[in-house]
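The values are calculated or read from the model by the stated rules, or taken from the named source; none is laboratory data. Since the model is a prediction, treat every value here as computed from it, not as a measurement. Because the Cβ atoms are built from the backbone with ideal geometry, glycine has one as well, and the counts that use them run over all protein chains shown. Side chains are part of the model used for accessible areas, which takes the heavy atoms of the whole protein and leaves out ligands, DNA and RNA. Shrake-Rupley method; radii C 1.70, N 1.55, O 1.52, S 1.80 Å.
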Amino acid sequence: QVQLVESGGGLVQAGGSLRLSCAASGSIRTIGSMGWYRQAPGKQRELVATITGGGITNYADSVKGRFTISSDNGKNTMYLHMNNLEPEDTAVYYCNADIMSRATLIWLNYWGQGTQVTVSS
């Protein structure tokens, strides 16, 4: 079994910062691409940022220059550093990853349970 667990969400004022973490655990042989997505009330889930196993990053235009995605392969953990937060960033943030199981050697895509980020104006 593989699990993704997010942490670090909370309430912050506009202009503030937060750091989200996503820890992968379980029967993991290899982690491929990982990413952060978010879903605001009444809206579809959208991509925030992704990072490949080789460290190549990609960002949504709305967060470029404010958010930074990174990973610590030794800890099977991904981070999202969010600076200069805006009320429009309020959403549930989800972690996503492509992971090869040690037991089956099969690649599967996994989601975390989500962590709430609320930015007050």
Report yes if some residue within the range 96-114 is open to solvent by 50 Å² or more (accessible area, probe 1.4 Å), among the acidic types (Asp, Glu), assigned to a strand (DSSP E or B) and in contact (Cβ under 8 Å) with a residue 12 or more places away in the chain; otherwise report no. yes
Give 65, 53 a once-over and let me know the one that is in contact with a strand residue (DSSP E or B) (Cβ under 9 Å, 6 or more places away or on another chain), over 23 Å from residue 30 (Cα atoms), assigned to a loop (DSSP other than H, G, I, E, B) and not β-branched (Val, Ile, Thr). 65
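Condition test on residue 119, is it under 16 Å from residue 5 (Cα atoms), out of contact with any Cys (no Cβ under 9 Å at 6 or more places or on another chain) and either touching a residue at least 60 places away in the same chain (Cβ under 8 Å) or in a strand (DSSP E or B) (or both)? Don't jump to the end; show me each part of the working.
Numbers: under 16 Å from residue 5 (Cα atoms): no; out of contact with any Cys (no Cβ under 9 Å at 6 or more places or on another chain): yes; either touching a residue at least 60 places away in the same chain (Cβ under 8 Å) or in a strand (DSSP E or B) (or both): yes.
Against the criterion (under 16 Å from residue 5 (Cα atoms), out of contact with any Cys (no Cβ under 9 Å at 6 or more places or on another chain) and either touching a residue at least 60 places away in the same chain (Cβ under 8 Å) or in a strand (DSSP E or B) (or both)), residue 119 does not qualify.
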Report yes if residue 12 is of a type in the set (Val, Ile, Thr) and more than 18 Å from residue 71 (Cα to Cα), otherwise no. yes
Could you list, in sequence order, the residues of the range 65-92 that are over 20 Å from residue 32 (Cβ atoms), surrounded by 13 or more Cβ atoms within 10 Å (Cβ to Cβ) and either within 10 Å of the chain's Cα centre (by Cα) or of a type outside the set (Val, Ile, Thr) (or both)? 66, 67, 81, 82, 83, 84, 85, 86, 89, 91
